[in-house]
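Have a look at the structure below, then the notes.
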Amino acid sequence: MAALKYWVWLASMPALTNRSKLLLLEHFTSPESIFYADEEAYWQVEGLHKTQAALLTDKSLERAGRILNDCARKELFVLTMDDATYPARLRNIYDPPVLLYGKGSMPLFDDEAAIAVVGTRKCTPYGINAAEQLGYEMAKSGAVVVSGLAKGIDAAAHRGALRAGGFTAAVLGGGVDVVYPAENRRLYEDIAATGVLLSEYPPAAEPEAWHFPVRNRIISGLSLAAVVVEAPEKSGALITANTALEQGREVFAVPGPINAPNSVGCHQLIREGAGLAGCGWDVLSEYKNRFPHRLKKSGEELPPMPEGSEKKMKPAAAAEETAKTPTLPVLDIARNEEGLTDDQLRIIQVLTTDKPLLTDDVAEMTGLPVRRVLSALTVLEIDGFACEQGARCFVRTVEIKKE
(Lines give C-alpha, C1' and ligand atoms only; values in the text may rest on other atoms or scores of the structure.)
Protein backbone atom coordinates (compact mmCIF):
# COMPACT_ATOMS: atom_id res chain seq x y z
CA MET A 1 0.00 0.00 0.00
CA ALA A 2 2.88 2.34 0.76
CA ALA A 3 4.37 1.84 -2.71
CA LEU A 4 0.94 2.13 -4.35
CA LYS A 5 0.62 5.80 -3.43
CA TYR A 6 3.68 6.58 -5.57
CA TRP A 7 2.16 4.76 -8.53
CA VAL A 8 -1.03 6.78 -8.17
CA TRP A 9 0.99 10.00 -7.71
CA LEU A 10 2.76 9.35 -11.02
CA ALA A 11 -0.32 8.15 -12.90
CA SER A 12 -2.44 11.11 -11.81
CA MET A 13 0.21 13.75 -12.50
CA PRO A 14 -1.72 16.39 -14.49
CA ALA A 15 -0.53 17.31 -18.00
CA LEU A 16 2.10 14.55 -18.05
CA THR A 17 1.57 12.15 -20.95
CA ASN A 18 1.40 8.41 -20.42
CA ARG A 19 4.42 8.03 -22.69
CA SER A 20 6.41 10.42 -20.47
CA LYS A 21 5.48 8.37 -17.41
CA LEU A 22 6.75 5.23 -19.13
CA LEU A 23 10.04 6.95 -20.01
CA LEU A 24 10.43 7.93 -16.37
CA LEU A 25 9.75 4.37 -15.20
CA GLU A 26 12.26 3.04 -17.71
CA HIS A 27 14.90 5.44 -16.41
CA PHE A 28 14.25 5.30 -12.64
CA THR A 29 12.73 1.76 -12.46
CA SER A 30 10.12 2.65 -9.80
CA PRO A 31 7.62 5.46 -9.04
CA GLU A 32 9.15 5.90 -5.60
CA SER A 33 12.56 6.63 -7.15
CA ILE A 34 10.88 9.10 -9.51
CA PHE A 35 9.17 10.80 -6.57
CA TYR A 36 12.40 11.35 -4.62
CA ALA A 37 14.49 12.48 -7.61
CA ASP A 38 15.23 16.16 -8.14
CA GLU A 39 14.52 18.23 -11.23
CA GLU A 40 18.05 17.96 -12.59
CA ALA A 41 17.77 14.17 -12.46
CA TYR A 42 14.60 14.38 -14.55
CA TRP A 43 16.53 16.30 -17.20
CA GLN A 44 18.60 13.17 -17.82
CA VAL A 45 15.57 11.21 -19.00
CA GLU A 46 15.85 10.89 -22.76
CA GLY A 47 12.69 12.10 -24.48
CA LEU A 48 11.39 14.07 -21.48
CA HIS A 49 10.87 17.78 -22.10
CA LYS A 50 12.07 20.22 -19.44
CA THR A 51 8.54 21.56 -19.15
CA GLN A 52 7.41 18.06 -18.24
CA ALA A 53 10.31 17.65 -15.80
CA ALA A 54 9.18 20.79 -13.99
CA LEU A 55 5.76 19.22 -13.35
CA LEU A 56 7.41 16.50 -11.29
CA THR A 57 8.62 18.95 -8.66
CA ASP A 58 5.11 18.75 -7.20
CA LYS A 59 5.77 16.25 -4.40
CA SER A 60 2.35 16.41 -2.80
CA LEU A 61 0.74 13.03 -2.18
CA GLU A 62 -2.61 14.57 -1.27
CA ARG A 63 -4.20 13.78 -4.64
CA ALA A 64 -2.92 10.20 -4.56
CA GLY A 65 -4.25 9.72 -1.03
CA ARG A 66 -7.64 11.06 -2.03
CA ILE A 67 -7.82 8.71 -5.01
CA LEU A 68 -6.85 5.68 -2.92
CA ASN A 69 -9.46 6.60 -0.32
CA ASP A 70 -12.08 6.83 -3.07
CA CYS A 71 -11.04 3.41 -4.36
CA ALA A 72 -11.35 1.87 -0.90
CA ARG A 73 -14.72 3.49 -0.28
CA LYS A 74 -16.13 2.44 -3.66
CA GLU A 75 -14.56 -1.03 -3.59
CA LEU A 76 -12.37 -0.42 -6.64
CA PHE A 77 -9.03 -2.10 -7.20
CA VAL A 78 -5.81 -0.61 -8.54
CA LEU A 79 -3.54 -2.62 -10.81
CA THR A 80 0.00 -1.39 -11.52
CA MET A 81 2.47 -2.55 -14.15
CA ASP A 82 4.40 -4.34 -11.38
CA ASP A 83 1.44 -6.51 -10.37
CA ALA A 84 1.42 -10.16 -11.40
CA THR A 85 -2.15 -9.86 -12.68
CA TYR A 86 -1.30 -6.93 -14.98
CA PRO A 87 -1.64 -8.61 -18.41
CA ALA A 88 1.69 -9.17 -20.17
CA ARG A 89 -0.06 -8.80 -23.52
CA LEU A 90 -1.08 -5.27 -22.48
CA ARG A 91 2.28 -4.45 -20.90
CA ASN A 92 4.00 -5.27 -24.20
CA ILE A 93 2.17 -2.73 -26.37
CA TYR A 94 3.91 0.52 -27.28
CA ASP A 95 2.03 2.71 -24.81
CA PRO A 96 0.58 0.58 -21.96
CA PRO A 97 -1.27 2.37 -19.16
CA VAL A 98 0.89 2.88 -16.06
CA LEU A 99 -1.97 1.55 -13.96
CA LEU A 100 -5.57 0.48 -14.24
CA TYR A 101 -8.49 1.11 -11.93
CA GLY A 102 -11.03 -1.68 -11.86
CA LYS A 103 -14.38 -2.81 -10.54
CA GLY A 104 -15.39 -6.46 -10.50
CA SER A 105 -13.15 -9.51 -10.99
CA MET A 106 -9.89 -9.17 -12.89
CA PRO A 107 -9.22 -12.32 -14.95
CA LEU A 108 -5.78 -13.56 -15.94
CA PHE A 109 -6.04 -12.14 -19.45
CA ASP A 110 -2.89 -13.89 -20.65
CA ASP A 111 -4.64 -17.22 -20.06
CA GLU A 112 -7.83 -16.17 -21.80
CA ALA A 113 -8.92 -16.01 -25.42
CA ALA A 114 -10.04 -12.39 -25.18
CA ILE A 115 -11.60 -10.86 -28.30
CA ALA A 116 -12.48 -7.18 -28.77
CA VAL A 117 -15.80 -6.39 -30.44
CA VAL A 118 -16.16 -2.77 -31.55
CA GLY A 119 -18.23 -0.63 -33.85
CA THR A 120 -20.12 2.58 -34.31
CA ARG A 121 -22.53 4.09 -31.79
CA LYS A 122 -24.82 5.08 -34.66
CA CYS A 123 -25.52 1.50 -35.60
CA THR A 124 -28.40 -0.14 -37.43
CA PRO A 125 -30.62 -2.98 -36.18
CA TYR A 126 -28.49 -5.28 -38.35
CA GLY A 127 -25.37 -4.16 -36.48
CA ILE A 128 -26.97 -4.57 -33.06
CA ASN A 129 -28.13 -8.09 -33.89
CA ALA A 130 -24.73 -9.05 -35.35
CA ALA A 131 -22.79 -7.71 -32.35
CA GLU A 132 -25.07 -9.40 -29.84
CA GLN A 133 -24.91 -12.66 -31.79
CA LEU A 134 -21.08 -12.54 -31.93
CA GLY A 135 -20.83 -11.69 -28.23
CA TYR A 136 -23.14 -14.58 -27.37
CA GLU A 137 -21.42 -17.13 -29.61
CA MET A 138 -17.91 -16.25 -28.50
CA ALA A 139 -18.79 -16.24 -24.81
CA LYS A 140 -20.62 -19.58 -25.17
CA SER A 141 -17.51 -20.98 -26.84
CA GLY A 142 -15.28 -19.90 -23.95
CA ALA A 143 -13.90 -16.51 -25.00
CA VAL A 144 -13.78 -13.27 -23.02
CA VAL A 145 -15.56 -10.46 -24.87
CA VAL A 146 -13.88 -7.05 -24.53
CA SER A 147 -15.49 -3.76 -25.54
CA GLY A 148 -16.04 -0.19 -24.40
CA LEU A 149 -19.60 -0.05 -22.95
CA ALA A 150 -20.53 2.67 -25.45
CA LYS A 151 -23.95 2.84 -27.06
CA GLY A 152 -24.66 0.70 -30.06
CA ILE A 153 -22.24 -2.07 -31.01
CA ASP A 154 -20.27 -2.09 -27.73
CA ALA A 155 -23.38 -2.45 -25.60
CA ALA A 156 -24.80 -5.18 -27.85
CA ALA A 157 -21.57 -7.22 -27.68
CA HIS A 158 -21.51 -7.00 -23.87
CA ARG A 159 -25.19 -7.94 -23.74
CA GLY A 160 -24.63 -11.01 -25.88
CA ALA A 161 -21.76 -12.21 -23.67
CA LEU A 162 -23.84 -11.73 -20.52
CA ARG A 163 -26.81 -13.57 -22.01
CA ALA A 164 -24.47 -16.49 -22.68
CA GLY A 165 -23.43 -16.52 -19.04
CA GLY A 166 -19.90 -15.59 -20.12
CA PHE A 167 -17.28 -13.14 -18.91
CA THR A 168 -17.04 -9.70 -20.45
CA ALA A 169 -14.66 -6.78 -19.83
CA ALA A 170 -15.51 -3.13 -20.44
CA VAL A 171 -12.81 -0.48 -20.83
CA LEU A 172 -14.26 2.93 -20.00
CA GLY A 173 -13.46 6.45 -21.14
CA GLY A 174 -14.04 7.86 -17.64
CA GLY A 175 -13.63 6.68 -14.07
CA VAL A 176 -14.80 3.12 -13.38
CA ASP A 177 -17.34 4.53 -10.95
CA VAL A 178 -18.89 6.77 -13.63
CA VAL A 179 -21.77 5.26 -15.62
CA TYR A 180 -21.66 6.51 -19.21
CA PRO A 181 -23.93 6.62 -21.07
CA ALA A 182 -26.55 6.79 -18.33
CA GLU A 183 -28.96 4.41 -20.07
CA ASN A 184 -26.34 1.65 -19.82
CA ARG A 185 -26.57 1.63 -16.02
CA ARG A 186 -28.13 -1.82 -15.83
CA LEU A 187 -25.52 -3.19 -18.24
CA TYR A 188 -22.78 -1.48 -16.19
CA GLU A 189 -24.07 -3.12 -12.99
CA ASP A 190 -24.31 -6.54 -14.63
CA ILE A 191 -20.72 -6.33 -15.86
CA ALA A 192 -19.51 -5.16 -12.45
CA ALA A 193 -21.21 -8.17 -10.85
CA THR A 194 -20.05 -10.87 -13.26
CA GLY A 195 -17.19 -9.38 -15.29
CA VAL A 196 -14.82 -6.45 -14.95
CA LEU A 197 -14.84 -2.69 -15.63
CA LEU A 198 -11.45 -1.09 -16.29
CA SER A 199 -10.09 2.41 -16.83
CA GLU A 200 -6.79 4.25 -16.69
CA TYR A 201 -8.66 7.30 -15.39
CA PRO A 202 -9.13 7.79 -11.63
CA PRO A 203 -12.49 7.58 -9.83
CA ALA A 204 -14.96 10.34 -10.67
CA ALA A 205 -13.10 11.27 -13.90
CA GLU A 206 -15.65 12.47 -16.44
CA PRO A 207 -15.66 10.79 -19.89
CA GLU A 208 -14.01 13.50 -21.97
CA ALA A 209 -14.25 13.14 -25.76
CA TRP A 210 -10.51 12.65 -26.21
CA HIS A 211 -10.47 9.80 -23.67
CA PHE A 212 -12.28 7.44 -26.03
CA PRO A 213 -9.71 7.13 -28.83
CA VAL A 214 -7.01 6.87 -26.15
CA ARG A 215 -8.74 4.02 -24.31
CA ASN A 216 -9.10 2.05 -27.56
CA ARG A 217 -5.46 0.94 -27.32
CA ILE A 218 -6.35 -0.82 -24.06
CA ILE A 219 -9.35 -2.60 -25.60
CA SER A 220 -7.17 -4.03 -28.37
CA GLY A 221 -4.16 -4.46 -26.08
CA LEU A 222 -6.07 -6.81 -23.78
CA SER A 223 -7.27 -8.86 -26.73
CA LEU A 224 -5.94 -11.37 -29.23
CA ALA A 225 -8.01 -9.87 -32.03
CA ALA A 226 -10.44 -7.07 -32.77
CA VAL A 227 -13.74 -7.62 -34.58
CA VAL A 228 -15.32 -4.58 -36.24
CA VAL A 229 -19.08 -5.02 -36.64
CA GLU A 230 -20.23 -1.75 -38.21
CA ALA A 231 -17.99 1.21 -39.06
CA PRO A 232 -18.65 4.13 -41.41
CA GLU A 233 -15.78 5.53 -43.45
CA LYS A 234 -14.70 7.70 -40.53
CA SER A 235 -15.23 5.81 -37.30
CA GLY A 236 -13.55 5.36 -33.94
CA ALA A 237 -13.83 1.61 -34.53
CA LEU A 238 -11.39 1.96 -37.43
CA ILE A 239 -8.93 3.67 -35.08
CA THR A 240 -9.23 0.63 -32.81
CA ALA A 241 -8.65 -1.66 -35.80
CA ASN A 242 -5.54 0.27 -36.85
CA THR A 243 -4.27 0.28 -33.28
CA ALA A 244 -4.83 -3.48 -33.09
CA LEU A 245 -2.76 -3.98 -36.23
CA GLU A 246 0.03 -1.82 -34.81
CA GLN A 247 -0.02 -4.01 -31.72
CA GLY A 248 0.29 -7.17 -33.80
CA ARG A 249 -3.31 -8.27 -33.26
CA GLU A 250 -5.54 -9.89 -35.86
CA VAL A 251 -8.44 -7.86 -37.24
CA PHE A 252 -11.77 -9.25 -38.41
CA ALA A 253 -14.76 -7.45 -39.88
CA VAL A 254 -18.44 -8.26 -40.32
CA PRO A 255 -19.65 -7.73 -43.90
CA GLY A 256 -22.83 -5.78 -44.46
CA PRO A 257 -25.16 -4.72 -47.28
CA ILE A 258 -23.10 -3.42 -50.22
CA ASN A 259 -24.66 0.06 -50.16
CA ALA A 260 -24.82 0.49 -46.37
CA PRO A 261 -22.81 3.52 -45.17
CA ASN A 262 -22.16 1.76 -41.85
CA SER A 263 -20.42 -1.12 -43.64
CA VAL A 264 -18.01 0.96 -45.73
CA GLY A 265 -15.24 0.72 -43.13
CA CYS A 266 -15.77 -3.03 -42.63
CA HIS A 267 -15.61 -3.73 -46.35
CA GLN A 268 -12.44 -1.68 -46.65
CA LEU A 269 -10.85 -3.71 -43.84
CA ILE A 270 -11.79 -6.95 -45.58
CA ARG A 271 -10.31 -5.69 -48.87
CA GLU A 272 -7.11 -4.89 -46.98
CA GLY A 273 -6.84 -8.41 -45.60
CA ALA A 274 -8.96 -8.50 -42.45
CA GLY A 275 -10.64 -11.81 -41.67
CA LEU A 276 -14.31 -12.12 -42.46
CA ALA A 277 -16.41 -12.70 -39.35
CA GLY A 278 -19.70 -14.34 -40.23
CA CYS A 279 -20.03 -15.97 -36.83
CA GLY A 280 -18.12 -16.16 -33.55
CA TRP A 281 -16.29 -19.36 -34.47
CA ASP A 282 -14.84 -17.70 -37.61
CA VAL A 283 -12.73 -15.73 -35.15
CA LEU A 284 -12.18 -18.27 -32.38
CA SER A 285 -11.14 -21.09 -34.73
CA GLU A 286 -7.89 -19.18 -35.24
CA TYR A 287 -7.05 -19.69 -31.56
CA LYS A 288 -8.54 -23.13 -30.76
CA ASN A 289 -5.14 -24.85 -30.80
CA ARG A 290 -3.62 -22.18 -28.56
CA PHE A 291 -6.44 -22.39 -26.02
CA PRO A 292 -7.76 -25.97 -26.28
CA HIS A 293 -8.73 -25.93 -22.59
CA ARG A 294 -10.79 -22.75 -23.09
CA LEU A 295 -12.34 -22.84 -26.54
CA LYS A 296 -14.96 -25.29 -27.75
CA LYS A 297 -17.36 -24.53 -30.55
CA SER A 298 -20.89 -24.03 -29.34
CA GLY A 299 -23.77 -24.85 -31.63
CA GLU A 300 -26.18 -22.69 -29.65
CA GLU A 301 -27.71 -19.68 -31.33
CA LEU A 302 -28.73 -16.48 -29.61
CA PRO A 303 -32.19 -17.15 -28.13
CA PRO A 304 -34.96 -14.57 -28.58
CA MET A 305 -35.36 -12.02 -25.83
CA PRO A 306 -38.13 -12.80 -23.36
CA GLU A 307 -41.27 -10.70 -23.54
CA GLY A 308 -41.07 -7.45 -21.57
CA SER A 309 -37.27 -7.38 -21.36
CA GLU A 310 -35.48 -4.08 -21.74
CA LYS A 311 -34.02 -5.28 -25.05
CA LYS A 312 -37.49 -5.76 -26.53
CA MET A 313 -37.59 -2.67 -28.71
CA LYS A 314 -38.81 -1.71 -32.14
CA PRO A 315 -36.17 -1.67 -34.90
CA ALA A 316 -36.56 2.09 -35.18
CA ALA A 317 -35.78 2.49 -31.50
CA ALA A 318 -32.73 0.29 -31.87
CA ALA A 319 -31.50 2.34 -34.79
CA GLU A 320 -31.90 5.46 -32.71
CA GLU A 321 -29.81 4.00 -29.86
CA THR A 322 -27.18 6.67 -30.42
CA ALA A 323 -25.71 9.38 -28.28
CA LYS A 324 -23.51 12.31 -28.84
CA THR A 325 -20.05 11.80 -27.52
CA PRO A 326 -18.85 14.61 -25.28
CA THR A 327 -18.23 17.62 -27.49
CA LEU A 328 -14.68 18.73 -28.06
CA PRO A 329 -13.49 22.06 -26.65
CA VAL A 330 -13.11 24.86 -29.20
CA LEU A 331 -9.75 26.48 -29.97
CA ASP A 332 -10.08 29.94 -31.50
CA ILE A 333 -6.88 30.18 -33.52
CA ALA A 334 -7.82 33.58 -34.92
CA ARG A 335 -7.73 35.17 -31.46
CA ASN A 336 -5.04 32.75 -30.20
CA GLU A 337 -5.63 33.59 -26.56
CA GLU A 338 -3.66 30.47 -25.64
CA GLY A 339 -0.49 32.00 -27.11
CA LEU A 340 0.35 29.17 -29.52
CA THR A 341 3.55 29.59 -31.49
CA ASP A 342 3.57 29.79 -35.29
CA ASP A 343 4.77 26.17 -35.47
CA GLN A 344 1.99 25.00 -33.15
CA LEU A 345 -0.65 26.91 -35.14
CA ARG A 346 0.51 25.39 -38.42
CA ILE A 347 0.53 21.89 -36.93
CA ILE A 348 -2.83 22.09 -35.16
CA GLN A 349 -4.49 23.02 -38.47
CA VAL A 350 -3.25 19.93 -40.32
CA LEU A 351 -4.11 17.49 -37.54
CA THR A 352 -7.56 15.88 -37.59
CA THR A 353 -9.74 14.61 -34.76
CA ASP A 354 -10.35 11.15 -36.22
CA LYS A 355 -7.35 10.06 -38.30
CA PRO A 356 -3.94 9.92 -36.56
CA LEU A 357 -1.09 11.48 -38.56
CA LEU A 358 2.53 10.42 -38.40
CA THR A 359 4.97 13.14 -37.37
CA ASP A 360 6.76 12.69 -40.70
CA ASP A 361 3.49 13.41 -42.54
CA VAL A 362 2.88 16.46 -40.36
CA ALA A 363 6.37 17.70 -41.18
CA GLU A 364 5.72 17.24 -44.91
CA MET A 365 2.34 18.97 -44.77
CA THR A 366 3.60 21.95 -42.78
CA GLY A 367 7.07 22.24 -44.31
CA LEU A 368 8.63 22.18 -40.84
CA PRO A 369 11.66 20.12 -39.79
CA VAL A 370 10.75 16.94 -37.90
CA ARG A 371 12.58 18.09 -34.77
CA ARG A 372 10.44 21.27 -34.63
CA VAL A 373 7.30 19.22 -35.25
CA LEU A 374 8.17 16.89 -32.36
CA SER A 375 8.90 19.81 -30.05
CA ALA A 376 5.64 21.58 -30.93
CA LEU A 377 3.59 18.38 -30.62
CA THR A 378 5.03 17.72 -27.17
CA VAL A 379 3.80 21.10 -25.95
CA LEU A 380 0.44 20.72 -27.71
CA GLU A 381 -0.02 17.37 -25.98
CA ILE A 382 0.90 18.82 -22.58
CA ASP A 383 -1.60 21.64 -23.11
CA GLY A 384 -4.34 19.19 -24.12
CA PHE A 385 -4.65 20.26 -27.77
CA ALA A 386 -3.31 17.02 -29.26
CA CYS A 387 -2.99 13.38 -28.25
CA GLU A 388 -0.57 10.66 -29.29
CA GLN A 389 -2.24 7.61 -30.87
CA GLY A 390 0.30 4.85 -31.40
CA ALA A 391 3.96 5.36 -32.26
CA ARG A 392 4.57 8.96 -33.37
CA CYS A 393 0.96 9.38 -34.53
CA PHE A 394 -1.18 12.29 -33.32
CA VAL A 395 -4.78 13.50 -33.42
CA ARG A 396 -6.23 16.88 -32.55
CA THR A 397 -8.38 16.95 -29.39
CA VAL A 398 -10.06 20.31 -30.03
CA GLU A 399 -12.32 21.78 -32.67
CA ILE A 400 -10.83 24.72 -34.55
CA LYS A 401 -12.50 28.10 -34.92
CA LYS A 402 -10.75 30.26 -37.51
CA GLU A 403 -12.94 33.34 -37.56
Legend entry - Candidate residues E230, E206: accessible-area rank, largest first, probe 1.4 Å: E206, E230
Legend entry - Cα gyration tensor shape for the stretch 89-226, rounded if a/c is under 1.5, else prolate or oblate: rounded
Inset, instruction - Name the most mobile residue of G102, G248, G367, meaning the one with the largest mean-square fluctuation, in a Gaussian network model of the chain with Cα contacts below 10 Å. - result: G367
Inset, instruction - Just need the relative contact order of the stretch 214-293 here, percent rounded to a whole number, with Cα pairs under 8 Å and 6+ apart. - result: 28
Legend entry - Accessible-area order (highest first, 1.4 angstrom probe) of the listed residues R19, R217: R19, R217
Legend entry - Mean separation of Cα contacts under 8 Å (6+ apart) over length of the chain, as relative contact order %: 15
Inset, instruction - Give the shape of the stretch 201-249 as rounded, prolate or oblate, defined through the alpha-carbon gyration tensor: a ≥ b ≥ c are the square roots of its eigenvalues, a/c under 1.5 means rounded, and otherwise the shape is prolate if a/b is larger than b/c and oblate if not. - result: oblate
Legend entry - Relative intensity, log₁₀ I(q)/I(0), of the stretch 51-152 from a Debye sum that treats every alpha carbon as a point, q = 0.10, 0.14 Å⁻¹: -0.45, -0.80
Inset, instruction - With r as the distance between the Cβ atoms of K50 and L345 and R0 = 25 Å, compute the FRET efficiency 1/(1 + (r/R0)^6) and round to 0.05. - result: 0.70
Inset, instruction - Could you state how much accessible area T194 has, in square angstrom rounded to the nearest 10, with a 1.4 Å probe and all protein chains kept in place? - result: 80
Inset, instruction - Have a look at Y180, A260, Y126 and report the one farthest towards the positive end of the charge dipole of the chain, computed about the Cα centre with Cβ charges (Lys/Arg +1, Asp/Glu -1). - result: Y126
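Quick check for me: using +1 on Lys/Arg Cβ and -1 on Asp/Glu Cβ, what's the dipole size of the chain about its Cα centre, in debye to the nearest 20?
For this selection, approximately 820 debye.
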Inset, instruction - For the chain, set up a Gaussian network in which alpha carbons nearer than 10 Å are linked by springs, and say which option among R249, R186, R121 fluctuates the most. - result: R186
Legend entry - the stretch 115-185-the stretch 337-360 distance, computed between alpha-carbon centres (Å): 34
Inset, instruction - For the chain, report the accessible area per residue in Å² (1.4 Å probe, heavy atoms, rounded to an integer). - result: 45
Legend entry - Sequence-separation-based contact order of the stretch 126-218, relative, with Cα cut under 8 Å and 6+ spacing, percent: 26
Inset, instruction - Provide W7, W281 ordered by accessible surface of protein heavy atoms (probe 1.4 Å), highest first. - result: W281, W7
Inset, instruction - Could you work out which residue, out of P207, P356, P329, moves most in a Gaussian network model of the chain, that is, has the largest mean-square fluctuation with Cα springs under 10 Å? - result: P329
Inset, instruction - Would you compute, from DSSP H runs of 4+ residues alone, the mean residue ellipticity of the chain at 222 nm, taking -39500 (n - 2.57) per run and dividing by the full residue count, rounded to the nearest 500? - result: -11000 deg cm²/dmol
Legend entry - S33 accessible area, assembled protein chains, probe 1.4 Å, Å²: 50
Inset, instruction - Determine the alpha carbon to alpha carbon distance for each of K103/K288; K5/K402; K5/K355 and list only those over 32 Å. - result: K5/K402; K5/K355
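The values are calculated or read from the model by the stated rules, or taken from the named source; none is laboratory data. This one's a predicted model, so the numbers in the text were calculated from it and none came from an experiment. Backbone-built Cβ (ideal geometry, glycine too); neighbour counts: all protein chains shown. Keep in mind that these areas ignore ligands, DNA and RNA; they rest on the heavy atoms of the full protein, side chains included. Shrake-Rupley method; radii C 1.70, N 1.55, O 1.52, S 1.80 Å.
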